[in-house]
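*Asks:* The structure's right below; bear with me while I get my questions together.
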Amino acid sequence: MAKPKLAIYWAASCGGCDIAILDIEAKILDVADFFDLVFWPVALDFKYDDIRRMDDKSITLTLFNGAIRNDENFEIARLLRQKSVVMCAFGSCATEGGIPALANLYDRESIIDYAFHKSPSVDNPDRIVPEPIYKVPEGTITIPAMWNTVRSLGQTIDIDYIIPGCPPQSDQIINVVEAVIDILSNGKPLPAKGTILGATDKSCCDECKRQRNIKKIKKFIRPFEKVLDPDLCLLEQGVVCMGPATRAGCGAKCVSAGVPCRGCYSLPTNIRDQGAKMASALASVIDSTDPAEINAIIETIPDPIGTFYRFSLAESMLRRVQI
Ligand code: SF4
Ligand code: SF4
């Protein structure tokens, strides 16, 4: 019997999701044994035309990591959607824009202007910028056109499931792989469309072992500014920790190691906007009723957008800076 076909793709992302798949160690052999790996550009030399030649819906499962930042990302997302029975957004960038979507604080022209003219590492006296279409004596060269707005995968094509995380934790990837193999081997029904895989409905705080009891903050600090109590909630020590606004699933990895949660496991169920939820959580720990003092305390939050929306700006209610 023919094996189920698996595709793995990397769009606008750092490559960490691909590394996380390799980090499942010996389980990768089960994946290779069970699936016919038809596309994984980061690991094997496949071509886009290999996919174009396949029948529609002939790929059983596609794990798509990365945001949609340019025409190529979108073209391959649409192609893989057309060819796949199950399309899964894999990792923070595909799920909610991720780090690449922080570029939505600027527009395309100002990003290109900075990268090719103003960055201190650039030497570009002729002020050359990349052109999507460029004629040379030998013909026409095209490169993918960069979009003005970075989007999540689900904002551009229909997706079936989400595996959150930056990157998804290897133990959770193993759980998902084992569940998929079990479903396909034993004819079990697929989870409902839209299901979040490899995570739970709770928040990171629910997984965190740190104690919560003070809830009185006069100033927010960065983690290196004082020696932190290893057992006490980081937020209650004045360090902005995104635990209350983040889905559980990673096992509270960062907070267990003394580093605040940055929110990579996406929103818990029934939360519409990660930053708004976090603002609400902070309101409950600020120790003041005086508006001027509250404003002064809020002013001490380091890098509010980069903290509240580090991974979720594309999916947030803010979406992007309006030009
Ligand atoms: S805010 Fe952070 S440190 Fe505090 S309980 Fe939640 S996850 Fe743990
Ligand atoms: S603690 Fe937060 S930032 Fe760290 S892996 Fe878990 S969800 Fe991601």
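Just so it is clear, none of the values below were taken in a lab; they were calculated from the coordinates. What you see is a predicted model, and the numbers here were worked out from it, not measured in a lab. Backbone-built Cβ (ideal geometry, glycine too); neighbour counts: all protein chains shown.
*Asks:* Which one is nearest to ligand 2 (Cβ to nearest atom) among residues in the range 271-295 that are touching a Lys or Arg at 6+ places or on another chain (Cβ under 9 Å) and of a type in the set (A, V, I, L, M, F, W, C)?
*Replies:* Across the range 271-295, the extreme among qualifying residues is Ile271.
*Asks:* Could you tell me whether Ile297 is more than 13 Å from ligand 1 (Cβ to nearest atom), at negative phi and surrounded by fewer than 19 Cβ atoms within 10 Å (Cβ to Cβ)?
*Replies:* No; evaluated as a whole, the condition is false for this residue.
*Asks:* Would you check which residues across the range 191-217 are polar (S, T, N, Q) and in a loop (DSSP other than H, G, I, E, B) and list them?
*Replies:* Listed by number, the residues that qualify are Thr195, Thr200, Asn213.
*Asks:* Same structure again: Take the residues in the range 230-270 that are without any contact (Cβ under 8 Å) to a residue 40 or more places away in the chain and touching a Cys at 6+ places or on another chain (Cβ under 8 Å); name whichever of them is farthest from ligand 2 (Cβ to nearest atom).
*Replies:* Looking at residues that are without any contact (Cβ under 8 Å) to a residue 40 or more places away in the chain and touching a Cys at 6+ places or on another chain (Cβ under 8 Å), I get Cys233.
*Asks:* Do we have any residue at all in the range 112-125 that's more than 30 Å from Ile183 (Cβ to Cβ), in contact (Cβ under 8 Å) with a residue 40 or more places away in the chain and out of contact with any helix residue (DSSP H, G or I) (no Cβ under 7 Å at 6 or more places or on another chain)?
*Replies:* There is no residue in the range 112-125 that is more than 30 Å from Ile183 (Cβ to Cβ), in contact (Cβ under 8 Å) with a residue 40 or more places away in the chain and out of contact with any helix residue (DSSP H, G or I) (no Cβ under 7 Å at 6 or more places or on another chain).
*Asks:* Picking from Glu236, Glu225, which residue would you name as being surrounded by fewer than 22 Cβ atoms within 10 Å (Cβ to Cβ) and more than 10 Å from ligand 1 (Cβ to nearest atom)?
*Replies:* Criteria check complete, one pass: Glu225.
*Asks:* Now for a separate question. Within the range 31-53, can you find the residues that are under 19 Å from Asn175 (Cα atoms) and touching a Lys or Arg at 6+ places or on another chain (Cβ under 7 Å)?
*Replies:* Matches in the range 31-53: Phe34, Phe35.
*Asks:* While we're looking at this one, here's another question. From the residues in the range 1-48 that are out of contact with any strand residue (DSSP E or B) (no Cβ under 6 Å at 6 or more places or on another chain) and among the aromatic types (Phe, Trp, Tyr), which one is nearest to Ala77 (Cα to Cα)?
*Replies:* Tyr48
*Asks:* Still on this model: I'd like the full set of residues that are of a type in the set (D, E, K, R) and farther than 21 Å from Val176 by Cα, limited to the range 35-56.
*Replies:* Listed by number, the residues that qualify are Asp45, Lys47, Asp49, Asp50, Arg52, Arg53, Asp55, Asp56.
*Asks:* Please list, ordered by residue number, the strands (runs of 3 or more DSSP E) wholly in the range 1-116 having 3 or more residues that are of a type outside the set (A, V, I, L, M, F, W, C).
*Replies:* 59-65
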